[in-house]
Amino acid sequence: DEGDETTKFQDAVVLLVLLGLMMHYLLKRDLSSLRHICYVGFFSIAVLCATMVYRAAEKNLSHSGLFRTNVKWVASSFADVLNALPIILLAFLCSFNIISVHCSLVDPTRGRVREVIHKSVMFSFLLMCIFGVSGYLYRYDNTDGNILLCFDPKDPVIFLGRIGCGITTLFALPMNALPCREALLSLLAQISEARARR
């Protein structure tokens, strides 16, 4: 029980330190200073994806019959379908940034915006499917909810990808907070204008 309290305290300290480090970015009006973080994210996701595919292929090729006996082609229950749903839904996670993406295009025609949306959603969907399938083919029914927990923590390539994903996730906080804050401020301004007209 005392160890749990120590761990909770350490977790709280780490979260407060990270929040303090991110406060500078959380209060910015635009996030042009974070425009290069997408390269860290893309690199870490590409490394993780390639490593997961490699590790799954390595495991299945070294154990003959593993794929044939363990793969589940059809969901055996409705709960299995619900567990797979987030893989598909995560492809649509960036949809709230559509307006800011539209405004940042050089020539924001309807066709160009549609092309950006279609390509980004398709890329996200394919990436999530590759992650899901490779994680499943590595551990089959023993796959954890967090696929990265399926792999050996001492694997240096997976560790590098985890660090990159951690950095990307950390910097996603201000990227997600900015549109929410701007929408809230815009809503408050519209409410004030409506009250002033009465």
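The values are calculated or read from the model by the stated rules, or taken from the named source; none is laboratory data. These numbers come from a predicted model, not from an experiment. Positions of Cβ are backbone-derived with ideal geometry, glycine not excepted, and every protein chain shown enters the neighbour counts. Surface accessibility is based on the protein's heavy atoms, side chains included, excluding ligands, DNA and RNA. Shrake-Rupley method; radii C 1.70, N 1.55, O 1.52, S 1.80 Å.
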Along region 170-177, what does the Karplus equation 6.51 cos²θ - 1.76 cosθ + 1.60 (θ = phi - 60°) give for ³J(HN,Hα), rounded to whole Hz, x for Gly and Pro?
4, 7, 6, 4, x, 5, 7, 6
Regression test value, accessible area per residue of region 117-191, probe 1.4 Å, units Å², expected 60
What do the square roots of 5 times the Cα gyration tensor eigenvalues come to for the chain, in whole Å, largest first, as semi-axes of the equivalent ellipsoid?
37, 24, 18
Please identify every one of the trypsin sites (Lys or Arg not before Pro) in region 121-163 that sits in a loop by DSSP and has no more than 10 other beta carbons within 10 Å of its own beta carbon.
Lys154
Convert each backbone phi in region 128-143 into a coupling constant with the Karplus relation 6.51 cos²θ - 1.76 cosθ + 1.60 (shift: θ = phi - 60°), then list the ³J(HN,Hα) values in order as whole Hz, x for Gly and Pro.
5, 5, 4, 4, x, 5, 5, x, 5, 5, 7, 10, 6, 6, 8, 5
Restricting to lysines and to Cα separations under 20 Å from Lys154, and discarding same-chain partners fewer than 8 apart, the set is Lys59
How many nm is it between the label spots at Thr69 and Ser33, if each spot is 7 Å from the Cα in line with the beta carbon?
5.7
Between Phe43 and Val81, what is the FRET efficiency for a Förster distance of 25 Å, r being their Cβ-Cβ separation, to the nearest 0.05?
0.15
